1. For the chain, please list each of the helices (runs of 4 or more DSSP H) lying entirely inside it that holds at least 3 residues being in contact (Cβ under 8 Å) with a residue 24 or more places away in the chain and surrounded by fewer than 17 Cβ atoms within 10 Å (Cβ to Cβ).
2. Would you check which residues across the stretch 16-41 are touching a strand residue (DSSP E or B) at 6+ places or on another chain (Cβ under 8 Å) and not charged (D, E, K, R) and list them?
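None of the figures in this text is laboratory data; all of them are computed from the coordinates on show. Since the model is a prediction, treat every value here as computed from it, not as a measurement. Counting neighbours? That spans all protein chains shown, and the Cβs are built from the backbone with ideal geometry, glycine included.
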Amino acid sequence: MPMTTCHLQHIATIDQFYDELTKQLKLPSHFGRNLDALYDSLIADVKGPFELVWRETDASRQSLGIDLYSTLLEILESVAEERGDVILDIHH
C-alpha cells in the first residue's frame with residue numbers, strides 16, 4: 001500500500017493544524033476538532049501507512065504556544081508508537 005504524506009508548514013493556529021490534517025489525511029466528517037478526537041481519529045480513522053512531515057516548527061511553537069505545541073507533538077508521537085505504520089519527520 002502506498003504511503004500517504006502529510007506536509008505541515010507555517011502552522012500558526014490549532015484550527016490550521018486541524019484543517020491541514022483533515023484535508024491531507026482525510027479525517028472523517030465526525031472528527032471533533034479537539035485533542036482527544038485528534039488522537040482517536042489518527043489511531044482509528046486514518047488508513048496507514050502515513051508520514052507526517054512538519055517543517056518550521058520553531059515558528060509554530062511560538063504561534064501555538066509551548067504548551068499546545070508540546071501536546072500536539074506528544075499526541076503525534078503516541079500515535080506513531082502505538083500504530084507502528086506512522087513516520088514522523090519533525091524539523092525543529
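1. Per the criteria, 35-44, 57-64, 66-83.
2. Passing the criteria: Phe17, Leu21, Gln24, Leu25.
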